[in-house]
Structures are given as C-alpha cells and as structure tokens.
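Please read the structure below before turning to the comments.
Since every read-out is calculated from the coordinates, none of them should be taken as a lab result. These numbers come from a predicted model, not from an experiment. Here Cβ is always computed from backbone atoms with ideal geometry, including for glycine, and neighbour counts include all displayed protein chains.
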Amino acid sequence: MKNTAYRLFKKPFFGRFVKPWRWPEQADRQHWQRLQIASESGATLSALLGPAHTAKVKGAVLMSHPMGVVAKGFWMKYGHSEMLRRAGYHVMVFDLNGFGESTSTTMDYPLDVLAAGQALQARYPDLSVAVLGASMGAAMSVCAMAQPHHPFKAAVLESAFPTLLHFWRRYPVPKLGIQLSKLFYPAGERSLRPTYAAEHLVGSPNLLLIYGESDEFTPVEDGKLLWRTLEQKTHTEFWQVPNAEHTHAFAAHPVPYAEKVIGFLDAHLGAESGARCN
C-alpha cells in the first residue's frame with residue numbers, strides 16, 4: 001500500500017520517464033558487469049560496473065544520473081563514463097528507484113545513492129570513492145552526503161538544484177505536491193533538500209559544483225545559493241561554464257570539462273590511492 005501511494009505521488013514528477021530501459025548505442029556491453037543493489041529505500045537498484053582502462057587505478061566513481069528515460073545510460077551515451085575509465089577510474093552507473101531497471105518504491109533517493117556508493121566502496125575497499133552527479137542525481141548526492149557512513153571523499157555535482165521548489169516551480173502540479181509535503185511531511189521534504197543537507201554534511205568531502213550559463217532549469221544563481229551554503233562546511237569549488245545547457249557542460253566544452261573534472265578527482269582521490277587493476 002505504501003509503495004502504491006508513493007507511485008501515485010511520483011507520477012506527476014517522473015511518470016513520463018517510466019519506460020523500458022535500453023542500452024545506449026554507444027555502449028559496448030561486454031565491458032560492463034551487471035549488479036543488483038539493495039537500498040534502504042526498499043528498492044532493488046540496477047547497476048553496471050565498468051573497470052578502468054588503465055593498469056594503475058586512481059579511485060572509483062559512482063555516477064548518479066539526471067531525470068530521463070535513459071537513466072544510468074546518460075553517462076555512457078554522452079561519454080562521461082569512458083572519460084573517467086580512460087583516466088584511471090573504475091565507474092559504477094546505476095538507476096535511482098523507479099528509473100531505468102530499478103524497482104520503484106519511495107522518494108528516499110538519497111538512500112539509493114548511499115547504497116550504491118557503499119556497494120562500490122565494498123567492491124574496491126582499498127580505493128577512495130567519489131560521486132559524479134547531474135541535476136536530480138547531483139542534488140540527491142548532496143543529500144546522501146548528510147547520511148552517516150557515506151563513502152564519498154569527493155563529489156563533482158553538475159546542475160544540482162538547491163531545493164525541490166527551485167527546480168519544480170515552473171510546473172504547477174509538482175509544485176503543489178512539494179508545498180503540501182512541506183506541510184504534512186516536513187521531514188521527508190527536508191531529506192530531499194540539498195541546502196538543508198549542506199548544513200549537515202558528514203565528513204568534509206571536497207566538492208566541485210558545475211553550472212551552465214545557458215541552463216534554464218538550474219540557473220547559475222540557483223547554483224550559487226547552494227554553493228554559499230556548502231562552502232561554509234567544506235572545500236567547494238564553483239565552475240561557471242559558458243554556453244552550457246542543463247547537464248551538458250561536457251558536450252559544450254569537452255576538453256576543458258575533462259581537464260577540470262579529472263584534475264579535481266586526481267587531486268582529491270588519486271593522490272590518496274593507487275592500485276593495480278583487478
């Protein structure tokens with residue numbers, strides 16, 4: 001009954017994305033290992049593990065997707081996962097509950113990020129773990145870092161909204177749902193609010209925030225609101241990307257993006273660890 005109620009509540013937000021998941025044409029299936037992960041949200045998460053293409057491995061990166069039918073395939077479709085693997089990082093892509101091939105349960109998405117991150121850390125206990133998120137995946141990653149026992153030493157967060165209302169303010173039905181949740185289930189709304197999580201970060205993960213100047217959904221001013229809160233708690237860098245649309249800074253500037261992201265991860269993960277590829 002509880003999951004049925006959540007599915008009905010989630011439909012105005014995510015209903016159009018609930019479609020059968022397909023492998024991106026660009027992905028070589030032989031290079032990915034399928035995994036199933038149990039989340040405290042009650043969901044069984046579908047994940048894919050891609051090993052680094054290098055003998056020396058610098059760390060492991062969890063990739064938390066934006067909203068969309070492609071779900072975890074976003075990172076393969078647009079080349080982010082291969083960029084990281086070529087640079088010496090193991091990567092795990094996964095579907096948040098209700099997206100892609102994961103089962104649908106509650107809206108406790110930070111618990112999905114937490115479960116996937118812990119599974120990645122358990123897979124590579126001698127490596128440092130980071131998370132790379134985009135839009136919803138980035139926002140929920142911030143919230144996951146307010147959870148005890150999260151494994152993330154660093155995070156790259158693109159187009160993360162500061163609150164749910166900032167993102168959904170253009171959409172009347174979801175906006176109303178969020179406003180009602182603040183009245184009738186305030187703890188649930190707080191658990192999904194990145195600015196609240198930013199004030200309660202666990203540990204001191206190093207953060208890189210990325211926002212595109214052509215982003216209509218999470219504009220730069222929204223990003224700076226989140227940045228101001230995060231930088232009071234931990235080292236937080238802010239990169240404002242010219243001509244980049246929502247979640248597409250890599251597409252707009254692939255070389256500077258790779259240099260910025262890999263340089264950041266190397267500085268905060270690569271120096272701590274270095275192992276032979278398993």
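Structure notes:
- Proximal charge balance of Trp75 [Cβ under 12 Å; K/R count +1, D/E count -1]: 0
- Answer label for volume of the Cα convex hull per residue in Å³ (calculated), chosen among (1) 115; (2) 140; (3) 152: (1)
- Between Glu237 and Gln36, the contour length at 0.36 nm per residue exceeds the alpha carbon distance by 69.0 nm.
- Applying 1/(1 + (r/R0)^6) with r as the Cβ-Cβ distance of Lys19 and His53 and R0 = 22 angstrom yields a FRET efficiency of 0.10.
- Spacing of the two label points (7 Å from each Cα toward its C-beta) at Lys175 and Glu216, in nm: 1.6 nm
- Of the cross-linked pairs Lys19/Lys260; Lys72/Lys224; Lys175/Lys224; Lys233/Lys260, those separated by over 25 Å at the C-alpha level are Lys19/Lys260; Lys72/Lys224.
- Order of Lys56, Lys260, Lys153 under a 10 Å beta carbon neighbour criterion, fewest first: Lys56, Lys260, Lys153
- Net charge contributed by nearby residues that have their C-beta within less than 9 Å of Asn206 (K/R +1, D/E -1): 0
- Considering all C-alpha pairs of the stretch 96-246, those separated by over 25 Å amount to 27%.
- Based on the reciprocal of the average 1/r between different C-alpha atoms, the Kirkwood radius for the stretch 68-161 equals 13.6 Å.
- Between the Cα long axis of helix 2-14 and the first principal axis of the chain there is an angle of about 80°, rounded to the nearest 10.
- Under 9 Å, Cβ to Cβ, from Asp112 - net charge with Lys/Arg +1 and Asp/Glu -1: -3
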